[in-house]
1. Would region 6-63 count as rounded, prolate or oblate if I go by the C-alpha gyration tensor, calling it rounded below 1.5 in a/c and otherwise prolate when a/b exceeds b/c, oblate otherwise?
2. Accessible area, 1.4 Å probe, largest first: how do THR100, THR74 sort?
3. How much solvent-accessible surface does ILE14 expose, in Å² to the nearest 10, with a 1.4 Å probe and all protein chains in place?
4. Would you mind listing how long region 42-85 runs along its three principal axes, going by Cα atoms, in whole Å with the largest first?
5. Assuming R0 = 35 Å, what is the FRET efficiency of GLU19 and PHE52, from their Cβ-Cβ distance, to the nearest 0.05?
6. Output the Cα-based Rg and Dmax of region 1-109 in Å, rounding Rg to one decimal and Dmax to a whole number.
7. Can you give me the distance in nm between label points at ARG60 and SER115, each placed 7 Å from the Cα along the Cα-to-Cβ direction?
Amino acid sequence: CLMYLITYIDRVNIATAAEPIRKDFHLSNTQLGIAFSAFGYAYLLLQVSGGFIADRYGPRATLTLSGVIWAGATIVTGLASGLWSLFAARLLLGVGEGATFPTATRAMSNWTPASKRGWGHSTYAVGADIARRANVGKLALYHHAPDRDDAGIARLAASAQKLHKGAFAAREGLT
């Protein structure tokens, strides 16, 4: 549930900072769209191959590697300085997050008794639902805030970092 919550928030969080990023990097709306869409390209490919990777190497190893890539991509996003570095960071995030959903399904199949899988599946679906609603609310509040500035973006980034730490801690507790 926590992993799904964080991945949904993580992938769209950047939309909150779109306008400052566009201005800072001197990007057109088209260029910004290209950079932001990089996530979807990698995500698509890893959705298909992520299940295969999880079947071959196991869900624990695949989720760990996905988490490391995803965390690294989050850091690299903060270091981006232009169109292509932002594109690369978003592409890397798609790689890290793309395999998590099919791998989590494999993990649930391996780690949850058959009689509890319906409940387990609904638990992670709730995490995704909460994240979608939280993002809509957060974006609406942020875009209508009279004192919207870069400090607000920094606070959002700090919140995302705390969520990532919690996700890794939760992941370590899996058996």
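1. prolate
2. THR74, THR100
3. Result for ILE14: roughly 20 Å² accessible.
4. The principal-axis extents, from largest down, are 37, 19, 8 Å.
5. Details: r = 39 Å, r/R0 = 1.11.
It comes to 0.35.
6. When restricted to the Cα atoms of region 1-109, Rg and Dmax are 14.4, 47 Å.
7. Here the modelled spin labels are 2.5 nm apart.
The values are calculated or read from the model by the stated rules, or taken from the named source; none is laboratory data. Quick caveat: nothing in here was measured; it's all calculated off a predicted structure. All Cβ positions, glycine included, derive from the backbone under ideal geometry; neighbour counts span all protein chains shown. These area figures cover heavy atoms from the full protein model, side chains too; ligands, DNA and RNA do not enter into them. Shrake-Rupley method; radii C 1.70, N 1.55, O 1.52, S 1.80 Å.
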